[in-house]
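Engineer: Take this structure, written in structure tokens, and hold onto it; I'll ask about it next.
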Amino acid sequence: MDIIFIRGLRVETIIGIYDWEKQIKQPVILDLEMAAEVAKAARSDRIEDALDYKAVAKRLKQFIAENRFELVETLAERCASILLQELGVSWVRLCVNKIGALSDAVDVGVIIERGERR
């Protein structure tokens with residue numbers, strides 16, 4: 001299994017359980033690792049044979065920006081579903097970081113793995 005990764009994908013969204021959080025956009029940072037077969041793309045040198053990480057980033061940014069979430073867990077699960085169901089990824093490891101969620105911590109979030117490693 002080969003892995004395509006995206007690190008530090010920043011998106012503004014409405015996320016949180018408190019009333020004040022439901023009124024403002026806050027940044028979340030995504031780190032993704034996705035199973036991909038890179039040999040075919042390497043041989044052909046064509047984007048059509050590759051997992052298009054630009055298309056992945058665009059789809060996730062659109063989805064996150066257009067929706068509201070109470071929990072980072074919900075955001076993570078829904079993003080993983082998009083990757084698995086819409087974009088044909090067989091396995092994903094996704095970290096969602098809600099920066100600034102705790103004043104005494106640099107990062108707070110969740111890491112999930114979904115799908116099958118092949």
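Engineer: Kindly indicate the residue of segment 83-94 that is in contact (Cβ under 8 Å) with a residue 40 or more places away in the chain and either closer than 15 Å to Ile14 by Cα or not in a strand (DSSP E or B) (or both) and also farthest from the chain's Cα centre (by Cα) among those meeting that condition.
Structural biologist: Selected residue: Ser90.
Engineer: Return yes or no: is Arg10 loosely packed, with under 15 Cβ neighbours inside 10 Å and without any contact (Cβ under 8 Å) to a residue 24 or more places away in the chain?
Structural biologist: yes
Engineer: In segment 42-61, how many residues are part of a helix (DSSP H, G or I) and either hydrophobic (A, V, I, L, M, F, W, C) or within 21 Å of the chain's Cα centre (by Cα) (or both)?
Structural biologist: 11
Engineer: Just checking, does segment 95-112 include any residue being surrounded by fewer than 17 Cβ atoms within 10 Å (Cβ to Cβ) and in a helix (DSSP H, G or I)?
Structural biologist: For segment 95-112, residues surrounded by fewer than 17 Cβ atoms within 10 Å (Cβ to Cβ) and in a helix (DSSP H, G or I): absent.
Engineer: I've got another one for you. Applying the selection to segment 1-12, what residues are touching a Pro at 6+ places or on another chain (Cβ under 8 Å) and of a type in the set (Val, Ile, Thr)?
Structural biologist: Val11
Engineer: Considering only residues that are more than 11 Å from Lys98 (Cβ to Cβ), assigned to a helix (DSSP H, G or I) and not β-branched (Val, Ile, Thr), which ones fall in segment 62-82?
Structural biologist: Gln62, Phe63, Ala65, Glu66, Glu77, Arg78, Cys79, Ala80, Ser81
Engineer: Testing Lys22 on (1) over 25 Å from Glu116 (Cβ atoms); (2) surrounded by 16 or more Cβ atoms within 10 Å (Cβ to Cβ); (3) of a type in the set (Lys, Arg), one condition comes back false. Which one is that?
Structural biologist: Of everything listed in (1) over 25 Å from Glu116 (Cβ atoms); (2) surrounded by 16 or more Cβ atoms within 10 Å (Cβ to Cβ); (3) of a type in the set (Lys, Arg), Lys22 misses just condition (2).
Engineer: List the residue pairs whose Cβ atoms are under 8 Å apart, where the first residue sits in segment 40-64 and is without any contact (Cβ under 8 Å) to a residue 40 or more places away in the chain and within 16 Å of Leu30 (Cβ to Cβ), the second is of a type outside the set (Val, Ile, Thr) and not in a helix (DSSP H, G or I), and the two are 6 or more positions apart or on different chains.
Structural biologist: The qualifying pairs are Ala55/Leu87; Arg59/Leu87.
Engineer: Next question, about the same structure. Any residue in segment 106-118 that's more than 16 Å from Ala80 (Cβ to Cβ): show its pairings with residues that are charged (D, E, K, R) and surrounded by 12 or more Cβ atoms within 10 Å (Cβ to Cβ) at Cβ separation under 7 Å, as long as the two are six or more apart or on different chains.
Structural biologist: Val108/Lys98
Engineer: Moving to a separate point now. Which residues, counting only those in segment 25-47, are surrounded by 12 or more Cβ atoms within 10 Å (Cβ to Cβ) and of a type in the set (Ser, Thr, Tyr)?
Structural biologist: none
Every read-out reported here was derived from the displayed coordinates using simple, explicitly stated rules and does not represent laboratory data. All figures in this text were calculated on a predicted structure; none of them were measured in a lab. Glycine also receives a Cβ, built like all others from the backbone with ideal geometry; neighbour counts cover every protein chain displayed.
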